[in-house]
Amino acid sequence: MNCKLKKMFNLRKSFIERMQRERPGSYPVPVPLKDLSNKVSQQVCRDLALRGVEEMFEALQHLKNWKPHKLTEEKEFNKEEFLEEIVDAFNYFFALLVIVDCDEDKLFDAYKRKDEIIRKRLDNGY
């Protein structure tokens, strides 16, 4: 598992590096960012996060039967297109992680820390 996650991070990092070479301005900050306090760095982070959210909304557009009051159901569902939009979202979120110097180990550690917090909340009746 960790090997595949590492590959995903490496793929996104190499894509960012290529974009910086071939399309200057597409990532107008050094990668990884050393200073997250400045305006341009924060704008880039915010833009990447919002683009990821937009892609998730595009994925949600493929879900047609979620309304509890809707009496009819659409039988067709294109899982490939749905998954493609989710991958697009992940690409933006991975790019955000890469530019803030987060790798698969840091992400996993943060994930474990948060998982402990939310499990403790459940234990305490949150």
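Observations, loosely collected:
- Here the 3J(HN,Hα) profile of region 28-35, calculated from phi with Karplus coefficients 6.51, -1.76 and 1.60 at θ = phi - 60°, is x, 9, x, 10, x, 5, 9, 9 Hz, Gly and Pro shown as x.
- Span from the region 91-114 Cα centroid across to the region 1-71 one, whole angstrom: 12
- Spatially proximal aspartates and glutamates relative to residue 34 (Cα-Cα < 14 Å; intrachain offsets below 8 disregarded): 101
- Within the chain, longest stretch clear of exposed trypsin sites (Lys or Arg not before Pro) (DSSP loop, no more than 13 other Cβ within 10 Å): 76-126
- Calculated mean residue ellipticity, 222 nm, the chain: -23000 deg cm²/dmol, from DSSP H runs (n ≥ 4) at -39500 (n - 2.57) each, averaged per residue and rounded to 500.
- With all protein chains modelled, accessible area of residue 111 [1.4 Å, Å²]: 150
- What a 1.4 Å probe finds exposed on the chain is 56% carbon and sulfur by accessible area, rounded to a whole percent.
- Residues in region 26-43 that a label on residue 54 would reach, taking backbone N under 17 Å of a point 7 Å out along Cα→Cβ: 26-28, 43
- In the chain, the longest principal axis of the Cα atoms and the axis of helix 2-22 are about 60 degrees apart.
- Length gained on full extension, residue 63 to residue 17, computed as 0.36 nm times the residue gap minus the Cα-Cα distance: 13.1 nm.
- Region 1-108: relative contact order as a whole-number percent, Cα under 8 Å and 6+ apart: 40
- Straight-line cross-link partners of residue 120 among the lysines, defined as a Cα under 24 Å from its Cα and at least 8 positions apart when in the same chain: 106, 112.
- Residue-wise HN-Hα coupling along region 49-59, computed from phi with Karplus coefficients 6.51, -1.76, 1.60 (Hz; x: Gly, Pro): 4, 5, 5, x, 5, 4, 5, 5, 5, 5, 4
- Residue 86 - accessible surface, heavy atoms, 1.4 Å probe, Å² rounded to 10: 30
- Within-15-Å neighbourhood charge of residue 58 [Cβ basis; K, R +1; D, E -1]: -4
- FRET efficiency, 1/(1 + (r/R0)^6) with R0 35 Å, evaluated for residue 121 and residue 40 via beta carbons: 0.45
The values are calculated or read from the model by the stated rules, or taken from the named source; none is laboratory data. Predicted, not measured: the structure shown is a model, and the values here were computed from it. Neighbour counts are summed over all protein chains in view; Cβ atoms, including those assigned to glycine, are modelled from backbone coordinates with ideal geometry. Keep in mind that these areas ignore ligands, DNA and RNA; they rest on the heavy atoms of the full protein, side chains included. Shrake-Rupley method; radii C 1.70, N 1.55, O 1.52, S 1.80 Å.
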